[in-house]
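Scroll down for the structure; my scribbles are underneath it.
A short reminder: the numbers here are calculations on the coordinates, not readings from a lab. What you see is a predicted model; the values in this text were computed from it and never measured. Cβ: placed from backbone, ideal geometry, glycine included. Neighbour counts: every protein chain shown.
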Amino acid sequence: MGSSSPRNSSIPGPETLKGKQIWMESATPSKIFWHFGTSGLSVAIATGITHPLDVLKVRLQMQLVGQRGPLTGMGGLFVQALKNEGPRSLYLGLTPALTRSVLYGGLRLGLYEPSKYACDWAFGSTNVLVKIASGAFAGSVATALTNPIEVLKVRLQMNPNARQGGPMIEVRRIVSEEGIGALWKGVGPAMARAAALTASQLATYDESKRILIRWTPLEEGFQLHLIAIAGIMSTLITAPMDMIKTRLMLQRESKQVGSYRNGFHCGYQVMLTEGPRALYKGGFATFARLGPQTTITFILCEKLRKLVGLDAI
């Protein structure tokens, strides 16, 4: 027949997948270290570059808590922060953000590949549903383990005075005043967000690469990695969960609305008192940050993996 065929008919066949299945069996301590290390380092660098947008996002999400009204845009908040608090305010919470990036980023990206191949070994498939499930698992586990650092980060981002004592002083204050459980505030929505984010990012990136390699002249390299990255869908899916997560973590800073019992109650209260669109407060800042951060993370991670002798994601 005259129908078109894939450029490379040798793309992941059974033999290739069998080789991939022994990933965990052949993993040496050095390979495991670089596998997680390159992931964490790439996320940390991307986080450091885009951190000011994260600070603005959190502040946008905390506008007019429990009430409706005109909101200050991202540009207005940026000017206010520079005028009232100085340029350093845009880097509030940077230390815990970078710490979390190394741990969370290393786990989130690092667990995806072994999870995918474990599913392939168990179910004999690495289709897009397996990739989505692997991404969701990696993101949720990474978030559950690093949630205390995220709580600390958003507290510092909202409180310019907290930086005088440093992150450890703020941790002690949180534990002494609110109990150890406060470090896991918002963990449910955070895990849901991370599961959706990681699944949408990594599964989309992984599957897009596979399709592009098969049906176009593109090969592993910068152009392929850049084209395969998508950020709009991730933002649309995760912005409401991110907003709810922030509200739960900062309940102490918004006492006027009372206590949110859980993520669903928080989302309901936000829609009731502030309107449905309030779930997307900070949405533009999220997208403005997520696009560059995702691009930097994946391109840098691929380069680092190649540098240390690892296969592409």
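Structural remarks
- The residues packed around residue 147, meaning those with a beta-carbon under 12 Å from its beta-carbon, carry a net charge of +4 if Lys and Arg are +1 and Asp and Glu are -1.
- Phi to ³J(HN,Hα) by Karplus 6.51 cos²θ - 1.76 cosθ + 1.60 over region 240-250, Hz, x for Gly, Pro: x, 5, 5, 5, 5, 4, 4, 4, 5, 5, 10
- Ordering of 74-80, 275-281, 146-152 by burial proxy (mean other Cβ atoms within 10 Å per residue, highest first): 146-152, 275-281, 74-80
- Distance violations [Cα-Cα > 32 Å] among 57/303; 281/303; 131/306; 153/303; 31/131: 281/303
- Dipole of region 27-131 [Lys/Arg +1, Asp/Glu -1 at C-beta], most positive-end residue of 110, 64, 48: 64
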